[in-house]
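Below: one structure, written as structure tokens.
Read-outs throughout are calculated quantities, based only on the coordinates presented, and are distinct from any laboratory measurement. Given the structure is predicted, the values throughout are model-derived calculations rather than measurements. Reconstructed Cβ throughout: ideal geometry from the backbone, glycine too, with neighbour counts over all protein chains shown.
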Amino acid sequence: MSQLKKHKLCPRAWYFAKVLRLPEPTTGAQQVGTEGHAQLEHYLSTGEDVLGAFAKAGAHLLPTPGPDLLVEQPLDGAPPLTAGGIPFTGFIDLVDARQLATDGVLRITDHKFTSNVARNAATPEQLADANTEPGLQMIGYAAWALSQVERFPGLRELELEHLYYQTRGQRLAVSVLASVPVEHVAREWRTKVEPQVEQMKAHAQAARAADVPANYGPACTKYGGCPFMAKCLTGETKTMSLRDKLLSKPSESVPTTVAAVEREALELPAILPPDAPQPAPVQVAPGATEQPAPKRRGRPPKSSRPEPTQPAAAITTHDSSVSEHEGSGNPVKDLGVQALFIDCIPTAWGVLQPESLTQYVDTMARRVSQAAGVDDLRFAGSDSSLGFGKWKGALAMAVRDDPPPPGVYLALGLAHSELMQVVVEALEPSFGVVVRGVR
């Protein structure tokens, strides 16, 4: 039943855990629950009081121990619980049939250890509704009881109980009980659980996590935070990309350069501060034609390098790895030219026109903000996956996963933009040429 609950909470988290089988860390709260369940199992089976401080607070709510109680009852007995041809595994904490013979009532109890009962306890309505996380589990346990016709003859009503034990502050135990007829259980199982099992079967066939829907929002921070959050947001496992996560509409385009340049002719240009005047373009007399310089081996002197007069789209490359009839149609992209100028402006870079990195920064920041469900990632609250400065790591991973296309870029005003600082730091290792201005 735990798989049903995990899938209901977030299908993509279930895919990471159960299909990709990525490890999940254990928490201190889980350890407390494990120990408490072991104590209750031993006590209800043997009558020996080994209850710890948390479990002892609920001793008065437990039935008298005895061999007629079904403790840690497996779901895969004969017959097993199934849906859509899939058998279920797991254990029911406690099944009490002591009212079955007289009233036709069977009580099913699940022990819950929680830090705050008032905040975390389910309601009786939730326990009876398979569309809720607690109800999904309890309706599943009740459906198992309906399948055990010979074991529970005359069954007409089920008492679904969550027995809560508080682990912080006051030692407290509370019983939440929902009484439902067998017809209600059968209807919930048929109309809500079985369709979900069919969805799980379809999701299990997905080739990558990006093809499985994610339940962004409270599911990301519940139970101490989803252990797969970073992989889900950034595609760290390479099963998804940033574009795949939340954006249902096509992602915004990032500016690209469209001019070509000979790779072997790339050289470090002169550098001026951002506020320096732009150099005047080279003037060519009307009617004059400029002959291309003869091809030379090695790098030509800067002073003898002529300015090309052909339109950018008409210039061809001499790189042997790109043929005249192949490539993306963008010569700069085909050549993989990557240059980044930080707080400076190049005065001569062949025919390439530098593009500002600002729009790319804004686009990536907006994507990460949308993925986390916040307006601005820099102001994410403490309950957000980006809180406490974690937005910087999320933005950096998103940038490394989806860098801008090849080209020459300007990153200006670095000292005044924290977003730009994070993006530049993430991009620097991937750029072939990085130049920083010095004033």
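Points to keep in mind about this one:
- The trypsin sites (Lys or Arg not before Pro) found in the stretch 358-393 that occupy coil by DSSP, while having at most 16 further C-beta atoms within 10 Å, are Lys390.
- Dipole moment magnitude, nearest 20 debye, the stretch 1-110 about Cα centre, only Lys, Arg, Asp, Glu C-beta charged: 700
- The amide H of Phe113, built 1.01 Å from its N in the peptide plane, has Tyr165 as neighbours under 5 Å, considering only residues 5 or more places off or on other chains.
- Taken one residue at a time, the phi angles of the stretch 164-171 give Karplus couplings (6.51, -1.76, 1.60, θ = phi - 60°) of 9, 10, 7, 10, 10, x, 4, 6 Hz. Gly and Pro are set to x.
- Set Lys112/Lys231; Lys112/Lys201; Lys8/Lys231; Lys112/Lys222; Lys18/Lys56 screened for pairs whose C-alpha atoms are more than 27 Å apart: Lys112/Lys231; Lys112/Lys201; Lys18/Lys56
- Relative to the Cα centre, the charge distribution of the stretch 84-220, modelled as +1 at Lys and Arg Cβ and -1 at Asp and Glu Cβ, gives a dipole magnitude of about 360 debye.
- Applying the criteria of a DSSP loop state and at most 14 other Cβ atoms within 10 Å to the chymotrypsin sites (Phe, Trp or Tyr not before Pro) of the stretch 388-439 yields Phe388.
- Linear extension gain, Leu22 paired with Arg436, 0.36 nm per residue minus alpha-carbon span: 144.9 nm
- Inter-part distance, the stretch 73-104 to the stretch 206-229, computed on C-alpha centroids, equals 30 Å.
- Karplus-derived 3J(HN,Hα) values for the stretch 106-113, using 6.51 cos²θ - 1.76 cosθ + 1.60 with θ = phi - 60°, are 10, 9, 10, 10, 10, 7, 10, 9 Hz; glycine and proline are entered as x.
- Amide H to amide H, with H built 1.01 Å from N, Glu355 comes under 5 Å of Val408, Tyr409, Leu410, counting only residues 5 or more places away or on other chains.
- Filtered trypsin sites (Lys or Arg not before Pro), the stretch 1-79: DSSP coil and at most 11 other beta carbons within 10 Å: Arg21
- Placed amide H near Leu70: partners under 5 Å, 5+ positions off or other chain: Val95, Ala97
- Residue-wise HN-Hα coupling along the stretch 64-72, computed from phi with Karplus coefficients 6.51, -1.76, 1.60 (Hz; x: Gly, Pro): 5, x, x, x, 7, 6, 9, 10, 6
- Protection proxy ranking for 413-420, 122-129, using the average of other Cβ atoms within 10 Å per residue and placing the highest first: 122-129, 413-420.
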